[in-house]
Amino acid sequence: MSKELTSQELHNLAMNIVGKELEAQGYEFMGINSKPKKNPQFVCLKDKKLHFIVVRNVPYPLDPKAYDEEFMQKMKDHAQKHEAEAYYAGVGLYNAVDRSFPIYLNEDYILEYEGLVKI
């Protein structure tokens, strides 16, 4: 029987996808927080500049590029106090058979992720 991924497992998958991209782009990880409600999820250094990155798993039919502007403004203000830049990483993960179905362990899924959005 297929096991549906939990919201924490989906968040971890989104974190892994973003983390691999950051690593490939030469970011140095200073702190990682995998709890969905603790922000930011990644604190990184690149080119001697601090980066705060908020990662969100975005369920179908929501747009992974759309974010909570009020919340992200607070994150940007927080980042500026630390002379850091704030980014949003929205990751759409969908069932490959039907986007409205849940994602199951070890089954194909569709990834909709266009990279970091500077706030």
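Of all residues in the range 94-119, those that are in a strand (DSSP E or B), surrounded by 15 or more Cβ atoms within 10 Å (Cβ to Cβ) and over 11 Å from the mean Cα position of the chain (by Cα) total 5.
Filter the range 69-102 down to the residues that are farther than 28 Å from residue 43 by Cβ and not small (Gly, Ala, Ser) and list them by number.
Those that are farther than 28 Å from residue 43 by Cβ and not small (Gly, Ala, Ser): 94, 95, 97, 98, 99, 101, 102.
Note on the range 30-43: residues that are under 17 Å from residue 77 (Cα atoms) and hydrophobic (A, V, I, L, M, F, W, C) total 2. Within the range 46-66, not a single residue is in contact with a strand residue (DSSP E or B) (Cβ under 6 Å, 6 or more places away or on another chain), part of a loop (DSSP other than H, G, I, E, B) and more than 20 Å from residue 99 (Cβ to Cβ).
Answer with yes or no whether residue 39 is under 11 Å from the mean Cα position of the chain (by Cα) and either crowded, with 20+ Cβ neighbours inside 10 Å or in a helix (DSSP H, G or I) (or both). Answer is no for this residue. Take residue 91 and decide whether it is within 30 Å of residue 1 (Cα to Cα) and either in a strand (DSSP E or B) or small (Gly, Ala, Ser) (or both). Taking the combined requirement at face value, the residue satisfies it. Is it fair to say residue 91 is within 22 Å of residue 19 (Cα to Cα), in contact (Cβ under 8 Å) with a residue 60 or more places away in the chain and within 14 Å of the chain's Cα centre (by Cα)? Spelling it out, residue 91 is indeed within 22 Å of residue 19 (Cα to Cα), in contact (Cβ under 8 Å) with a residue 60 or more places away in the chain and within 14 Å of the chain's Cα centre (by Cα). The set of residues from the range 74-88 being more than 16 Å from residue 116 (Cα to Cα) and either in a helix (DSSP H, G or I) or without any contact (Cβ under 8 Å) to a residue 12 or more places away in the chain (or both) comprises 74, 77, 78, 80, 81.
Residues in the range 1-36 that are buried (at least 17 other Cβ atoms within 10 Å of the Cβ), part of a loop (DSSP other than H, G, I, E, B) and in contact (Cβ under 8 Å) with a residue 60 or more places away in the chain: 5 alone. Sub-8 Å Cβ pairs linking a first residue in the range 50-73 that is in contact (Cβ under 8 Å) with a residue 12 or more places away in the chain and within 21 Å of residue 21 (Cα to Cα) to a second residue that is outside any strand (DSSP E or B) and of a type in the set (Asp, Glu), at least 6 apart or interchain, are 50/83; 64/114; 65/114, ordered by first then second residue.
None of the figures in this text is laboratory data; all of them are computed from the coordinates on show. Since the model is a prediction, treat every value here as computed from it, not as a measurement. Note: ideal-geometry Cβ built from the backbone for every residue, glycine included; neighbour counts use all protein chains shown.
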